[in-house]
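**Q** My questions all concern the structure below.
The values are calculated or read from the model by the stated rules, or taken from the named source; none is laboratory data. None of these values were measured; they are calculated from a predicted model. Cβ sites come from the backbone with ideal geometry, for glycine too, and all protein chains shown count toward neighbours.
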């Protein structure tokens, strides 16, 4: 059974079909990249998979449960328990330190545990920056805090929306390396990106166009590493 | 948050000031109105009946009297501390040297009494009729050695008889005569200007009425009448036990009158309606004005809070969207925002409360010339008002927060 399955999912805004009968399957532990030009429906799909928005029609099976008809409150619980979200613009709370930002996700999930939050920051290489505020961190460091925040509650799937969109090449490499390690650890990753280099490092890439799945490619030589960057 | 705290402080300070003044204004206005004279008259029961039957004014001399030795008992009633001042009157007719007859009225000017309770009291027309204009001389001093041979002459008598302050006046009453030194001439602007005021003992000697007075005027701090007071004024016997207790233990003019009748034998005490009603109306209108200002200040504060909290939520929309995205329910976020605002409200409210006490003192000193007492009741009232106004002010922001969709604020591309 797939971890995530979209069956004939459509999202309609007035006369616009942002998603048009999309069918996708994501297996447990898979690293999937979703690509497409602007307006192709990438963000809409991200919102629907991330339980941030509801589909107009179709079924969304997450771990075998159809979340398409769930209430807003139930979707909140699903986001809290099963999904880790990473955003292009980081969205860290400016008046909280890095470790407090990670603990924020714990707070709404269960009980804040600073030790565990520090371990999560250590996993992303930011143990020494735990007490810094977002304004004191570089873009790459902020995104790594986001990754730690997404990981902290052990979600079943991590959704990253343009995670390297605001990063330079060096930081892009670091974040992708983090994803590779998460993948190695068995984490299911869905990464929305318009950057072919980031998409190419995934196991599989789905290309959207006009709200439909245009084509799908499997990366036969999957290494989880960006080719143009030499990792230290 | 600073602006929210400031807005709440402003509203709370106005509410504190207005409520403090409102709760204290009753006593203050009553004290001010005491300058307009007595608000209760006490006459013998027979006089009262005759007066009611034939509509005879109180300037007429009657054959019924009250007992002078009972005057001190007025300061022993339940509402003794509300009795501010009082004076007895005894009117008699007396002839002047010119042969003209005038009304000679015996009274207290500044009478000193040692009360049965052990207290001391200075009472009399000097303070009860403080608006009398002494055009010549001065008020007679009852504490002086020759206190019985002094007189205060009404301006019309003085003009007619050519009397001036310092003159000696010879008067002959029904039962005696006296030579009086004119201490002063007064202008009251009423019937009193046709009379001569002398010490009570002197009038009693002139009329052979030792130990008697024909009326008493009392100035008392009273509570404005309500339905219960009006019902009691008609017939105290019609009240139930609990109503009677409430009425008796409230400083209504009627209940004070009732208590005076209890201690003065065969007397009828009646409120002077114009004065009592004016006091009540002025008090009610002043309190209404204070309530209105409090209400308007709270509306102003609520509108200010509304704008500021909404702006704050808009400013933090990404943060709120993020919290929703990572699993915070609406209730948790609403609780977070409300607790932040309420903490701010508490800080602003405390600051405003103390500022309000200051404003109240300024109002008290400026308007009434005395400090405004802080009533403990103001504290919970202001606290409740601050909380209610803050919550009302938060309603639009909370609605906005509930309708905020994370997808609309998190994808800032």
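**Q** Closer than 22 Å to residue A:19 by Cα, away from chain B (no Cβ under 14 Å) and without any contact (Cβ under 8 Å) to a residue 40 or more places away in the chain, is that true of residue A:217?
**A** Criteria met by residue A:217.
**Q** Please go through (1) over 21 Å from residue B:38 (Cα atoms); (2) part of a helix (DSSP H, G or I) for residue B:136 and return the number of the only condition it doesn't satisfy.
**A** Of the numbered conditions (1) over 21 Å from residue B:38 (Cα atoms); (2) part of a helix (DSSP H, G or I), the odd one out for residue B:136 is (2).
**Q** Pick from B:304, B:335, B:321, B:351: which is without any contact (Cβ under 8 Å) to a residue 24 or more places away in the chain and more than 30 Å from the chain's Cα centre (by Cα)?
**A** After ruling out the rest, the residue left standing is B:335.
**Q** Quick one: which strands (runs of 3 or more DSSP E) lie wholly within region B:161-252 and hold at least 3 residues that are more than 26 Å from residue B:271 (Cα to Cα)?
**A** The strands (runs of 3 or more DSSP E) meeting that bar are B:168-172, B:177-187.
**Q** Of (1) surrounded by fewer than 20 Cβ atoms within 10 Å (Cβ to Cβ); (2) at pLDDT below 90, residue B:252 satisfies all except one. Which?
**A** Just one mismatch for residue B:252, condition (1).
**Q** Separate question: Do you know which residues across region B:95-110 are in contact with a helix residue (DSSP H, G or I) (Cβ under 9 Å, 6 or more places away or on another chain) and in contact (Cβ under 8 Å) with a residue 60 or more places away in the chain?
**A** Passing the criteria: B:96, B:97, B:98, B:100, B:102, B:103, B:104, B:105, B:106, B:107, B:108, B:109.
**Q** So how many residues does region A:45-88 have that are more than 9 Å from chain B (Cβ to nearest Cβ), over 19 Å from residue A:26 (Cβ atoms) and surrounded by 21 or more Cβ atoms within 10 Å (Cβ to Cβ)?
**A** 0
**Q** Also, quick follow-up: Looking at residue B:322, is it under 30 Å from residue A:106 (Cβ atoms) and surrounded by fewer than 16 Cβ atoms within 10 Å (Cβ to Cβ)?
**A** Spelling it out, it is not the case that residue B:322 is under 30 Å from residue A:106 (Cβ atoms) and surrounded by fewer than 16 Cβ atoms within 10 Å (Cβ to Cβ).
**Q** Across region A:89-125, what is the number of residues that are touching a helix residue (DSSP H, G or I) at 6+ places or on another chain (Cβ under 7 Å), in a loop (DSSP other than H, G, I, E, B), in contact (Cβ under 8 Å) with a residue 12 or more places away in the chain and surrounded by fewer than 23 Cβ atoms within 10 Å (Cβ to Cβ)?
**A** 5
**Q** Among the residues of region B:357-413, write down those that are within 14 Å of chain A (Cβ to nearest Cβ) and out of contact with any helix residue (DSSP H, G or I) (no Cβ under 7 Å at 6 or more places or on another chain).
**A** B:403, B:405, B:408, B:412, B:413
**Q** Between A:124, A:176, A:111, which is farther than 21 Å from residue B:321 by Cβ, over 18 Å from the mean Cα position of the chain (by Cα) and away from chain B (no Cβ under 11 Å)?
**A** Checking each option against the conditions leaves just A:111.
**Q** Taking the conditions exactly as written (more than 19 Å from residue B:11 (Cα to Cα), touching a strand residue (DSSP E or B) at 6+ places or on another chain (Cβ under 8 Å) and surrounded by fewer than 23 Cβ atoms within 10 Å (Cβ to Cβ)), does residue B:411 satisfy them or not?
**A** So residue B:411 fits the description; yes.
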